[in-house]
C-alpha cells in the first residue's frame with residue numbers, strides 16, 4: 001500500500017492507476033457502444049420507412065463515441081494535479097476537442113436533414129433549379145457551422161477573437177482586392193439563383209453562345225452548345241449581358257421572304273399567298289398564328305413575307321424542312337417561279 005502512495009510527477013501511483021483505468025475503461029466502453037450502434041440500433045433503424053435515422057446513426061456513431069473518450073480525458077486531467085501552465089494546456093485541449101466534436105455532430109445532423117428531408121421535397125417541385133441550389137446552400141451552411149465552431153473553440157481556450165477578426169478583416173480586404181473577379185462571379189452566381197432567369201436543361205443564348213444549361217455553380221455556369229461542346233461561362237457574364245431564354249418562348253418564330261419573278265400577275269400572287277397559308281393550316285407542329293402577304297417590290301423580285309410559329313415541343317428544324325419542301329413542290333406544280341438576281345440591259349442603237 002505504501003508503494004501506491006508514492007509520489008510520481010506530482011500525483012501518487014494510486015491516482016495514476018485510477019486515471020489509467022478510467023482511460024482504458026472509456027476505450028472499452030467505446031467498443032461496447034460501437035457494437036450497440038452497429039447491431040441493436042441498426043436493426044431498429046432498418047425496420048423504419050425513413051432513411052433519415054439510418055444516415056444519422058451512421059454519421060453520428062463516431063462523434064458520439066468520441067465524446068466518451070473526451071469526457072474520460074477531461075475527468076483524468078481534473079482528477080490529477082499538474083502545474084498550472086501544464087494543467088491549462090491540457091484543459092484547453094479538452095475544450096478544443098469537445099468543441100470540434102460537438103461541431104461535427106451539429107454539421108452531420110444538418111447535412112442529414114438537408115439531404116434526406118429538404119432535398120427530396122425540392123425534387124418534387126416544378127422548379128428543377130431548387131434541387132441544384134440546395135447542395136450549394138448545404139455547403140455554405142456546413143462552412144458557417146464549422147466557422148462558428150472554430151471561433152467558439154478558439155475563444156474557449158483564450159484566443160482574442162476580436163483582434164483575430166480585425167486581423168482577418170484587413171487580410172480579407174487584401175484578399176478581396178486580389179480576387180475581386182472571383183468575388184464578382186460568386187455574387188453573380190447568387191443573383192442567378194435568386195432571379196432564376198433560366199433553369200437547368202433549358203436552352204439559352206448568351207454572349208454569342210447558344211446551348212443548353214447543364215450546371216450552375218457559384219462561380220461559373222456550364223452550357224452545352226448546339227455543336228455538343230461544353231462551354232464554361234463566368235457568372236458575371238450573365239449580369240453584364242442580356243440572356244435570351246429560348247426554351248421559355250411560347251413558340252419559335254419562322255420568318256421567310258419569298259421572291260417571285262416580275263412576270264407574275266395579281267391572281268398568281270394571291271394564289272401563292274393562299275398556298276402558303278394552306279400548307280401551315282392544321283399542322284400539329286405549327287400554331288394557328290401564321291400570316292403571308294405581298295409586302296414589297298424588290299430589285300428583281302415580287303416579295304412575299306411568310307411567317308409562322310413552331311410549337312416548343314416540336315422539332316423546329318424538321319418542321320421548317322417539311323414546310324419548305326411543301327412550298328417548293330406546290331409552287332412548282334402551279335408554275336410559280338422563284339426569282340433570282342437578274343439584270344436586263346437595253347441597248348439603244350445610235351444612227
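Annotations for the structure displayed:
- Spin-label proximity, residue 311 to segment 250-289 - amide N less than 14 Å from point 7 Å beyond Cα toward beta carbon: 250-252, 281-289
- Each residue in 88, 67 was given a count of other beta-carbon atoms within 10 angstrom of its own, and listing them fewest first yields 88, 67.
- In terms of surrounding Cβ atoms within a 10 Å radius of their Cβ, 325, 255 rank from fewest to most as 255, 325.
- Separation in nanometres of the label points that stand 7 Å from Cα toward Cβ, at residue 332 and residue 24: 9.9
- Rg over Rh, two decimals, segment 252-334 (C-alpha only, Kirkwood Rh): 0.98
- 20 °C / 1.002 mPa s Stokes-Einstein diffusion coefficient of segment 188-245, Kirkwood radius on C-alpha pairs, µm²/s: 194
Where a number appears in this text, it was derived from the coordinates with a stated rule and is not lab data. Just so we're clear, the structure is a prediction, and the values are computed from it rather than from any experiment. Positions of Cβ are generated from backbone atoms using ideal geometry, with glycine treated the same way; all protein chains shown enter the neighbour counts.
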